[in-house]
Amino acid sequence: MLAVERRKQILDSIKNEKRVYVGQLSRAFSVSEETIRRDLERLENEGLLSRAYGGAILKEDDHEETPYDVRKRSGVSEKGIIAKQVASLIHDGEYIILDESSTSFFVAKELKDKKNLTIITNSMEIIREIAPVQGWNVLCTGGALRSSAPSFAGHQAESMVRSYHVDKAILSCGSIDIRAGFTDRHEDTALIKRAMMASARQVILAVDHAKFDKIAFAKIGDIQSVHTIVTDIQPPERWTEALDTLGVHLMYEKNVGGIKK
């Protein structure tokens, strides 16, 4: 097979699956992983995809937010892995903030066996999901309804969040970079996430591997402002070294099973 044909098939795969992995492509095309990496680099230079740790993802418009329903249906396996790990950090009787991210929605589902939780959230989807749980105290921020997602933001939402003090804030983000920190596409979501961080004794950042080494428009915070980062697979070694230096706890699912702590 010619290289140009292989790259076309790679591009077809990423359009269908939204992400591809170097190892899988290497086996599928019977070529070396280095050859696949060169293919992905070529396609990235042409603006057709974005490389991520272990593979590549479909290139999206950084100025256009993916609809919430699409985000909730994508990366389900990764979000499930992350959510189970986050849930292991939450204890009965704690006061918790959950942001409006689809990852936090999966976390909320994993928390249902916990007792006597107090949950504050700006997400309508999370409110609907946890409303039937008995014995919880659930608070909604209110505020300005965002047109692009079933959630609230704005001054009223931020003011409500800042009026409480909680044990843990569970947040996600659009992108994360060692130097630039963690960022989001929109300023209104970045602002309310900052308020959530300010109200929490501990901050847990739940982010899948595809968001590493990327930068979005609006800054939420620096890496060192987070207590724990939870992801699905081990990030590159430079990340583990940087997080260790900054004193940030890292959790991810090991390939051989179990959780790295």
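The values are calculated or read from the model by the stated rules, or taken from the named source; none is laboratory data. Since the model is a prediction, treat every value here as computed from it, not as a measurement. Using ideal geometry, Cβ is built from the backbone for each residue, glycine included, and neighbour counts are taken over all protein chains shown. Each accessible area value is taken on the protein alone, full model and side chains, heavy atoms only, with ligands, DNA and RNA left out. Shrake-Rupley method; radii C 1.70, N 1.55, O 1.52, S 1.80 Å.
Here are some notes:
- Selection within region 21-43: residues that are buried (at least 16 other Cβ atoms within 10 Å of the Cβ) and among the aliphatic types (A, V, I, L, M). The member of this set that is farthest from the chain's Cα centre (by Cα) is VAL31.
- The set of residues from region 114-142 being among the hydroxyl-bearing types (Ser, Thr, Tyr) and either surrounded by fewer than 17 Cβ atoms within 10 Å (Cβ to Cβ) or over 17 Å from ASP167 (Cβ atoms) (or both) comprises THR118, SER123, THR141.
- Residue match in region 142-153 (condition: within 21 Å of the chain's Cα centre (by Cα), in a strand (DSSP E or B) and over 13 Å from SER101 (Cβ atoms)): yes
- Of the numbered criteria (1) touching a residue at least 40 places away in the same chain (Cβ under 8 Å); (2) closer than 20 Å to THR231 by Cβ, the one VAL20 fails is (1).
- Against the criterion of being in contact (Cβ under 8 Å) with a residue 12 or more places away in the chain, surrounded by fewer than 16 Cβ atoms within 10 Å (Cβ to Cβ), in a helix (DSSP H, G or I) and more than 13 Å from the chain's Cα centre (by Cα), ARG238 qualifies.
- Within region 168-208, the set of residues being part of a helix (DSSP H, G or I) and open to solvent by 10 Å² or more (accessible area, probe 1.4 Å) comprises GLU187, ASP188, LEU191, ARG194, MET197, ALA198.
- Here is the figure for region 112-129: residues that are outside any loop (DSSP other than H, G, I, E, B) and closer than 24 Å to SER147 by Cβ total 9.
- Scanning region 154-167 for residues that are surrounded by 14 or more Cβ atoms within 10 Å (Cβ to Cβ), in contact with a Phe, Trp or Tyr (Cβ under 8 Å, 6 or more places away or on another chain) and not acidic (Asp, Glu) gives TYR164, VAL166.
- Test: residue in region 44-52 that is crowded, with 16+ Cβ neighbours inside 10 Å and farther than 22 Å from SER77 by Cα: yes
- Residues of region 53-90 that turn out to be at pLDDT 60 or above, surrounded by 13 or more Cβ atoms within 10 Å (Cβ to Cβ) and farther than 17 Å from LEU205 by Cα, as a count: 7
- Residue match in region 143-153 (condition: open to solvent by 80 Å² or more (accessible area, probe 1.4 Å) and in contact with a Ser or Thr (Cβ under 9 Å, 6 or more places away or on another chain)): yes
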